[in-house]
Every structure is written in structure tokens, then in C-alpha cells.
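Visitor: What follows is a structure written as C-alpha cells; I'll ask about it next.
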Amino acid sequence: MRKSAKTALGGIITALSVTLMLVSSVIPFLEYALPAIAGALLVLMVIELNKKWAFCAYAAVSILSILMLSNKETAMMYIAFFGYYPILKPLFESKIKNNVLCWIVKALEFNAAVIAAYFIIVKVFGMPIEELTENGIWGLLGLLALGNVMFVLYDICITRLVTVYLNNWQKRFRKIFK
């Protein structure tokens, strides 16, 4: 792929991701789904270009999201997990051959990212801690448990998206971006 095509692909993926992030400000109940979809778009860059190009797009979307979004929680979810996880997922799966150990490492990474993101949201962006703890510690643990279920579904969806792309769409895509 020519460098101009790589740059065009990076610009298109970045623009789509930023647009999705901005839509999350308009439709607040999608504040976790849209960053997840925006991150999944980076899978295309990992497959067609490489991780370096994908990380550049991730950085651009992260910076623009933190500057432009009024909902900093959505921006932090993208920055802390959804933006880079699709880039690192193949690395986890290629380096860790034991499937159970791989899932444990990915789940630990997810939980660390979510806890760090909310710590930053509370300490840096001033979200009142009462919003997180209104249901007590059991409410927080329940939310984290639901987040883990959603993480597993997200991981499976990314795997299936890659399979569908490689089997059905890659040839057509490569005709467009030569």
C-alpha cells in the first residue's frame, strides 16, 4: 500500500472514530458502546497497515476526544481501554499460548484499565465520588462484574469481526486502497 493510501486510511479511521466519540455526547446512553466501536475500527489499521499506524490514530482520537468531548468519562474509557485494546489483543494472543492464562491476563489488564480510568476521572476531572458509590461497595463490585462480562463479549466480537473481514471484505477493501 502506498504511503498516501496509508495516510488516507489513517485519516478516515481517525475521523470516523472521533465522530463516534462526539455522537456519544449527543446520545448519552451509548457512552460505552460508541468508544468500543471507535476502538474496533483500529483493527482495520492493524490488519492492513501495522500497529504503529494504529497507535498514531489511537493517539489522535484520544487527544481530540479529551479536548472536544464534554463527557470526560467517555473519553477516558476510550483512552484507558477501548482505544488500545484492539491493537494489543493480537499481541496477547500470539505471545500467550495457554488460552486460560491469556484470558486471565486480558481480564487483569481490563480491570486495571477501568480502575485507573475511574481514579483519573475522580481525581483529575473532579467527578463526585458519590456518583460511583451511591449503591455502596456492592454496587461498585456489581458494575465491575458486569463490565467484565461486557469485556468478554467485546473480545469475542473483535475476534469475529477480524474473521469476517479477512474472509469477506479484505479483497474488496484492498481494491479501493491500493
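Visitor: Can you give the relative contact order of the chain as a percent, counting alpha carbon pairs under 8 Å and 6+ residues apart?
Guide: Details: 146 pairs, mean separation 39.5, N = 178.
Result for the chain is 22 percent.
Visitor: A follow-up question, please. Short version: ³J(HN,Hα) in whole Hz for each residue of the range 161-167, in order, from phi by Karplus 6.51 cos²θ - 1.76 cosθ + 1.60 (θ = phi - 60°), x for Gly and Pro, what are they?
Guide: Karplus-based 3J(HN,Hα) across the range 161-167 equals 4, 4, 4, 5, 4, 5, 7 Hz.
Visitor: Mind checking which of TYR165, VAL149, MET127 is farthest towards the positive end of the chain's charge dipole, using Cβ charges of +1 (Lys, Arg) and -1 (Asp, Glu) about the Cα centre?
Guide: After comparing all options, I get TYR165.
Visitor: Further question on the same structure: Quick check on the range 1-44: what are the equivalent-ellipsoid semi-axes from the Cα gyration tensor, as sqrt(5λ), descending, whole Å?
Guide: So the three semi-axes of the range 1-44 are 25, 10, 4 Å.
Visitor: Rank these residues by their accessible area, most exposed first, probe 1.4 Å: SER70, SER4.
Guide: Result of the area sort, largest leading: SER70, SER4.
Visitor: Here's another thing I want to ask about it. Rolling a 1.4 Å sphere over the protein heavy atoms, what is the accessible area per residue of the range 22-178, to the nearest Å²?
Guide: The answer is 58 Å² per residue.
Visitor: May I pose another question? Output the pairs from LYS51/LYS95; LYS52/LYS89; LYS97/LYS175; LYS97/LYS171; LYS3/LYS95 with a Cα-Cα distance over 25 Å in this structure; if there are none, say none.
Guide: LYS97/LYS175; LYS97/LYS171; LYS3/LYS95
Visitor: Sort PHE173, PHE55 by heavy-atom solvent-accessible area, probe 1.4 angstrom, most to least. Spell out each step's value before the answer.
Guide: Numbers: PHE173 30, PHE55 75 Å².
Ranking PHE173, PHE55 by accessible area, largest first, yields PHE55, PHE173.
Visitor: Could you tell me the calculated FRET efficiency between ALA5 and ALA116, based on Cβ-Cβ distance and R0 = 30 angstrom, to the nearest 0.05?
Guide: Calculated value: 0.25.
Visitor: About the Cα centre of the chain, what is the dipole size in debye to 20, counting +1 per Lys and Arg Cβ and -1 per Asp and Glu Cβ, all else neutral?
Guide: For the chain, the charge dipole is close to 1400 debye.
Visitor: Continuing with this model, one more query. Name the residue farthest towards the positive end of the dipole of the range 11-126 from the options ILE79, ALA15, LEU49, assuming +1 on Cβ of Lys and Arg, -1 on Cβ of Asp and Glu, about the Cα centre.
Guide: Going by the charge dipole, the pick is LEU49.
Visitor: As a test of reading the structure, rank MET1, MET45, MET127 by solvent-accessible area (1.4 Å probe, protein chains only), most first.
Guide: Sorted by accessible area, descending: MET1, MET127, MET45.
Visitor: Using every Cα-Cα pair within the chain, state what percent have a distance larger than 24 Å. It would help to have the intermediate numbers written out before the result.
Guide: Values: 6282 of 15753 pairs.
Across the chain, Cα pairs with separations above 24 Å total 40 percent.
Visitor: Hey, what number do you get for the chain at 222 nm if only DSSP H runs of n ≥ 4 count, each worth -39500 (n - 2.57), divided across all residues, to the nearest 500?
Guide: -25500 deg cm²/dmol
Visitor: Lys and Arg at +1, Asp and Glu at -1: add these up for the other residues within a Cβ distance under 15 Å of LEU22 and post the number.
Guide: With Lys, Arg at +1 and Asp, Glu at -1, the net is -1.
Visitor: Now a separate question. What full-extension length gain, to one decimal in nm, is calculated for LEU30 and PHE173 as 0.36 nm per residue of separation minus the Cα-Cα distance?
Guide: So the extension gain works out to 48.7 nm.
The values are calculated or read from the model by the stated rules, or taken from the named source; none is laboratory data. Just so it is clear, the model here is predicted, and its values are computed rather than measured. Cβ coordinates were reconstructed from backbone atoms using ideal geometry, including for glycine residues, and neighbour counts include every protein chain displayed. Calculation scope for accessible area: heavy atoms of the full protein, side chains included, ligands and nucleic acids excluded. Shrake-Rupley method; radii C 1.70, N 1.55, O 1.52, S 1.80 Å.
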